[in-house]
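**Student:** Following this message is one structure expressed as structure tokens.
The values are calculated or read from the model by the stated rules, or taken from the named source; none is laboratory data. Just so it is clear, the model here is predicted, and its values are computed rather than measured. Note that we place each Cβ from the backbone using ideal geometry, even for glycine, and neighbour counts take in every protein chain shown.
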Amino acid sequence: MHIQFMLNPPKNIKDLIYNGLKSFNLKHFPDEEMQSLACVAEDPGGNFLGGLTGQIFTNTLFVEFLWLDDSNRSAGIGSKLMAEVEQQAKKLGVTDIYLDTYTFQAPGFYAKLGFEEVGRYTGFPTRGVDKIFLQKKIA
């Protein structure tokens with residue numbers, strides 16, 4: 001056996017590992033497709049203000065990214081985006097929403113929306129920053 005440590009491995013190595021893990025995992029999940037989603041906000045002139053992206057799988061929604069331009073934060077847009085996503089997700093059979101955030105991002109915002117912390121990496125990805133895992137039951 002030969003073990004090799006690599007920094008910045010080539011894409012084919014990462015793909016081999018990812019595809020092997022995905023193949024193993026799929027044996028334990030329902031045979032359903034994942035659906036991508038986006039929810040965006042625009043001003044009356046059609047200018048992009050921000051939005052979110054996510055993935056729905058069976059009864060779960062994972063919010064990948066939520067971003068608003070600095071000038072649009074604290075204006076209620078994020079809450080409106082999340083409310084719309086929650087409403088639409090319920091129609092699609094989603095019962096639980098999951099996401100993660102950093103301590104310098106928006107944990108308080110998500111707490112106000114009813115999300116609960118279910119885990120945390122401390123000092124990740126660097127000292128003084130934590131990554132927080134949150135979830136919310138919606139149905």
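**Student:** In segment 82-111, which residues are part of a helix (DSSP H, G or I) and under 22 Å from Leu37 (Cβ atoms)?
**Tutor:** The answer is Met82, Ala83, Glu84, Val85, Glu86, Gln87, Gln88, Ala89, Lys90, Lys91, Phe109, Tyr110.
**Student:** Moving to a separate point now. Taking the criterion of being hydrophobic (A, V, I, L, M, F, W, C), within 30 Å of Ser74 (Cβ to Cβ) and modelled with pLDDT of 95 or more, would at least one residue in segment 51-60 satisfy it?
**Tutor:** yes
**Student:** Would you list the strands (runs of 3 or more DSSP E) that sit entirely within segment 1-76 and hold 2 or more residues that are out of contact with any Phe, Trp or Tyr (no Cβ under 9 Å at 6 or more places or on another chain), under 24 Å from Gln88 (Cβ atoms) and without any contact (Cβ under 8 Å) to a residue 24 or more places away in the chain?
**Tutor:** 35-42, 60-68
**Student:** Of the residues that make up segment 79-99, is at least one under 13 Å from the mean Cα position of the chain (by Cα), among the hydroxyl-bearing types (Ser, Thr, Tyr) and on the phi < 0 side of the Ramachandran plot?
**Tutor:** yes
**Student:** Out of curiosity, is Gly114 in a loop (DSSP other than H, G, I, E, B), out of contact with any Cys (no Cβ under 7 Å at 6 or more places or on another chain) and farther than 23 Å from Asp130 by Cβ?
**Tutor:** No.
For (1) of a type in the set (Gly, Ala, Ser); (2) loosely packed, with under 10 Cβ neighbours inside 10 Å; (3) within 20 Å of Ala111 (Cβ to Cβ), each residue gets a yes or a no:
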residue: Tyr18; (1), (2), (3): no, no, no
residue: Phe62; (1), (2), (3): no, no, yes
residue: Asp69; (1), (2), (3): no, no, no
residue: Ala75; (1), (2), (3): yes, no, yes
residue: Gly78; (1), (2), (3): yes, no, yes
residue: Leu81; (1), (2), (3): no, no, yes
residue: Glu84; (1), (2), (3): no, no, yes
residue: Ala89; (1), (2), (3): yes, no, yes
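**Student:** Being assigned to a strand (DSSP E or B) and in contact with a Ser or Thr (Cβ under 7 Å, 6 or more places away or on another chain) is the filter here; which residues of segment 118-133 pass it?
**Tutor:** Once the filter is applied, which keeps residues that are assigned to a strand (DSSP E or B) and in contact with a Ser or Thr (Cβ under 7 Å, 6 or more places away or on another chain), segment 118-133 yields only Ile132.
**Student:** So which of Asp100, Asp69 ends up being touching a strand residue (DSSP E or B) at 6+ places or on another chain (Cβ under 7 Å) and at pLDDT below 95?
**Tutor:** Every option except Asp69 fails the conditions.
**Student:** For the list (1) within 14 Å of the chain's Cα centre (by Cα); (2) crowded, with 17+ Cβ neighbours inside 10 Å, I need the number of the one condition that Phe57 fails.
**Tutor:** Single failed check for Phe57: (2).
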